[in-house]
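Chemist: Below is a structure I'd like to ask you about.
The values are calculated or read from the model by the stated rules, or taken from the named source; none is laboratory data. Predicted model, so just to flag it, every value in this text is computed and none were measured. Positions of Cβ are generated from backbone atoms using ideal geometry, with glycine treated the same way; all protein chains shown enter the neighbour counts. SASA here: full protein model, heavy atoms, side chains in, ligands and nucleic acids out. Shrake-Rupley method; radii C 1.70, N 1.55, O 1.52, S 1.80 Å.
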Amino acid sequence: MNYNTRIELELVAAKGRRSALGMVQAVRSGHLGGSLSVMDILTVLYFDKMRVDPANPHDANRDRCVLSKGHCTPAMYSILAMRGFFPVEDLSTFRNIDSYLSGHVEMTKVPGVDMSAGSLGQGLSAALGMALAARIDGLDYRVYAICGDGEIQEGQIWEAVQMAAHYGVSNLTAFVDNNRIQLDGFTDRIGGPSKTVDKFRAFGWNAIEIDGHDVGEIAAAIDAAAGVRTVPTAIIANTVKGRGVDFMENNPKWHGGTPNDEEFASAFAQIDARISHLEGLKQSVAYKTAVSKGAN
C-alpha cells in the first residue's frame, strides 16, 4: 500500500471514530468499544477493497458485508454515511424512535446494509448463503462477514465454518474482530484460550492473523484471501477494544457503557488530535510527492 493511500484510509477511520462518538453522545446509548475496534477493517473494506456503488446499493453483483456483530452500528453507519450511502447528517438521529438508524443493523431500512443482525452467531451463516448464491447464479462477487471474538463462542458459527469448508466457498472471507473482550469481561476468562487461527485451520479454512489496526495489513490480507480459490479464508484481526481513546482501551466497561460529559470531552480531544495529525501529514512533502508520482 502506498503512503498516500495509507494516510487517506487512516484519516477516514479517525473521522469514523469521531462520528461514532458523536452518535452515542447524542442519544447516550450505543456500543462504542467494539465499534472503535472494528473501524479500520470497515474502512479498508468500503473505501479500498469492496466493489460497491452507493448509487446502486442493490446491485446483484456487488460485494457484500455482513456485520454479524450487529450491535456495532456506530462504526457501520459512520462508514456507510461517509461512503455516500445516506446523508451524514442523518447520523444525528441514531437510535431515535422515529429514525431508520436503529441500534442494530437493519437491511430493510438502511441503504448499504446487506443483512440485519443483532442475535449473535447468525451472520456467518447468512454470509455463507450469499456466497453460495453467487456460485449458483454465476456471479463473481465476494462476501465478507465480521464476527466478534466473543460471538464465535456460539455453536452456529462453527456449523457455518464446517459447511463453508466442505463446499469450498472461496468467495467467503470471515473477519474476527479479536479485541479479547466481550460483554461480561475478557474472552479468555469466559470461554477459555481461543486459539482462533488453529480452530479455523482445523476446520479446513485458510487462516491469516494480522494487526487489525494496520490498514496495510488489512488490505494485504483481503488480497491474499481473494487469491485462494479452493477454501474460505478467516482473517483473525488482533484489535484493541475502544481503540483511540485511552481510558476505553482494553476495558470491558466500554463494551456498551456511555461516557459522561467529561469523558466525552477527553475522547473527542484525543480523536481530534489524531485527525489533525493525519491532516498535517496530508500537507507534508512526502504525501504531495506520492500524489504527484501517482499522477505521472
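Chemist: What accessible area, in Å² to the nearest ten, does a 1.4 Å probe give for LYS195?
Modeler: That residue has around 140 Å² of solvent-accessible surface.
Chemist: Can you list the HN-Hα couplings for the range 94-100, worked out from phi with the Karplus curve (6.51, -1.76, 1.60; θ = phi - 60°), rounded to whole Hz and with x for Gly and Pro?
Modeler: Per-residue couplings from phi come out as 3, 6, 6, 4, 9, 9, 7 Hz.
Chemist: Around CYS147, what is the net charge, scoring Lys/Arg as +1 and Asp/Glu as -1 over all other residues with Cβ under 11 Å from its Cβ? Don't skip to the answer; put the middle values down first.
Modeler: On the way: positive: LYS69; negative: ASP149, GLU151, GLU154, ASP177.
In short, -3.
Chemist: Continuing with the same structure: Compare LEU67, LEU36, LEU132 in a GNM of the chain, Cα atoms joined below 10 Å, and give the one with the largest fluctuation.
Modeler: LEU132
Chemist: Tell me which chymotrypsin sites (Phe, Trp or Tyr not before Pro) from the range 146-197 have a DSSP coil assignment and no more than 15 other beta carbons within 10 Å of their own.
Modeler: Working: sites: TRP158, TYR167, PHE175, PHE186; in loops: TYR167.
Filter output for the range 146-197: TYR167.
Chemist: Within a Cβ distance under 13 Å of ALA267, other residues only, what is the Lys/Arg minus Asp/Glu net charge?
Modeler: Around ALA267, the charge tally is -2.
Chemist: Rounded if a/c is under 1.5, else prolate if a/b beats b/c, else oblate: with a ≥ b ≥ c from the C-alpha gyration tensor eigenvalues square-rooted, which is the range 193-296?
Modeler: Values: a/c = 4.10, a/b = 1.15, b/c = 3.56.
Oblate, since a/c reaches 1.5 and b/c is not below a/b.
Chemist: Taking the inverse of the average 1/r across all pairs of different Cα atoms in the range 1-135, what Kirkwood radius in Å do you get? Intermediate results must be reported in sequence, preceding the final value.
Modeler: On the way: mean 1/r = 0.0662 Å⁻¹.
One over the average 1/r among Cα pairs gives 15.1 Å for the range 1-135.
Chemist: A 26 angstrom limit on the alpha carbon distance is what I want to check against. Which of LYS49/LYS69; LYS109/LYS241; LYS199/LYS241; LYS15/LYS253; LYS69/LYS282; LYS109/LYS195 exceed it? The partial results should precede the final answer.
Modeler: On the way: LYS49/LYS69 20 Å; LYS109/LYS241 28 Å; LYS199/LYS241 22 Å; LYS15/LYS253 23 Å; LYS69/LYS282 33 Å; LYS109/LYS195 37 Å.
Beyond 26 Å: LYS109/LYS241; LYS69/LYS282; LYS109/LYS195.
Chemist: Pulled fully out, how much extra length does the chain show between ALA273 and GLU249, if you take 0.36 nm times their separation in residues and subtract their Cα-Cα distance? The partial results should precede the final answer.
Modeler: Details: separation 24, 0.36 × 24 = 8.64 nm, distance 1.67 nm.
Additional length available on full extension: 7.0 nm.
Chemist: Also, quick follow-up: For every helix of n ≥ 4 consecutive DSSP H residues, a contribution of -39,500 (n - 2.57) applies; sum these over the chain, divide by its total residues, and give [θ] at 222 nm rounded to the nearest 500 deg cm²/dmol. Present the calculation step by step, with values, prior to reporting the outcome.
Modeler: Details: 10 runs with 132 residues, N = 296.
Result for the chain: -14000 deg cm²/dmol, rounded to the nearest 500.
Chemist: Still on this structure: Add +1 for every Lys or Arg and -1 for every Asp or Glu among the other residues with Cβ under 13 Å from the Cβ of GLY103, and state the total.
Modeler: Working: positive: ARG28, LYS69, ARG95, LYS109; negative: GLU106.
Result for the neighbourhood of GLY103: +3.
Chemist: If you don't mind, another one. Using a Förster radius of 22 Å, what is the FRET efficiency between ILE136 and TRP158 based on their Cβ-Cβ separation? Nearest 0.05, please. Mind dumping the intermediate values first?
Modeler: Working: r = 24 Å, r/R0 = 1.09.
Efficiency for this residue pair is about 0.40.
Chemist: Provide the packing ranking of 112-122, 242-252, i.e. peptides ordered by the mean count of other C-beta atoms within 10 Å per residue, highest first. If you can, show how the numbers build up before the last one.
Modeler: Numbers: 112-122: 20.6, 242-252: 19.0.
The packing order, highest mean first, is 112-122, 242-252.
Chemist: Hey, another quick one. Counting only DSSP beta bridges with both residues in the range 157-296, what percent are antiparallel, rounded to the nearest 5? Kindly include the intermediate steps, with their values, before the conclusion.
Modeler: Numbers: 2 of 14 bridges.
Of those bridges, close to 15 percent are antiparallel.
Chemist: What aspartates and glutamates sit close enough to LYS288 to cross-link, taking a C-alpha to C-alpha distance under 17 Å and skipping anything fewer than 8 places away on the same chain?
Modeler: Candidates past the 8-residue exclusion: GLU8, GLU10, GLU279.
Chemist: Here is a further query. Looking at the range 119-192, which trypsin sites (Lys or Arg not before Pro) are in a loop (DSSP not H, G, I, E or B) and have at most 14 other Cβ atoms within 10 Å?
Modeler: Details: sites: ARG135, ARG142, ARG180, ARG189; in loops: ARG142, ARG180.
Listed in order of number, the matching sites amount to none.
Chemist: Further question: Could you go through the range 261-268 in sequence order and give the Karplus-derived ³J(HN,Hα) for each residue, using 6.51 cos²θ - 1.76 cosθ + 1.60 with θ = phi - 60°, rounded to whole Hz, and x for Gly and Pro?
Modeler: For the range 261-268, the Karplus curve yields 4, 5, 5, 4, 4, 5, 4, 4 Hz.
Chemist: OK, next. Of the trypsin sites (Lys or Arg not before Pro) in the range 24-61, which ones lie in a loop per DSSP and count no more than 13 other C-beta atoms within 10 Å? Walk me through the numbers before you get to the answer.
Modeler: Details: sites: ARG28, LYS49, ARG51; in loops: ARG28, ARG51.
Sites meeting the loop and neighbour criteria: ARG28, ARG51.
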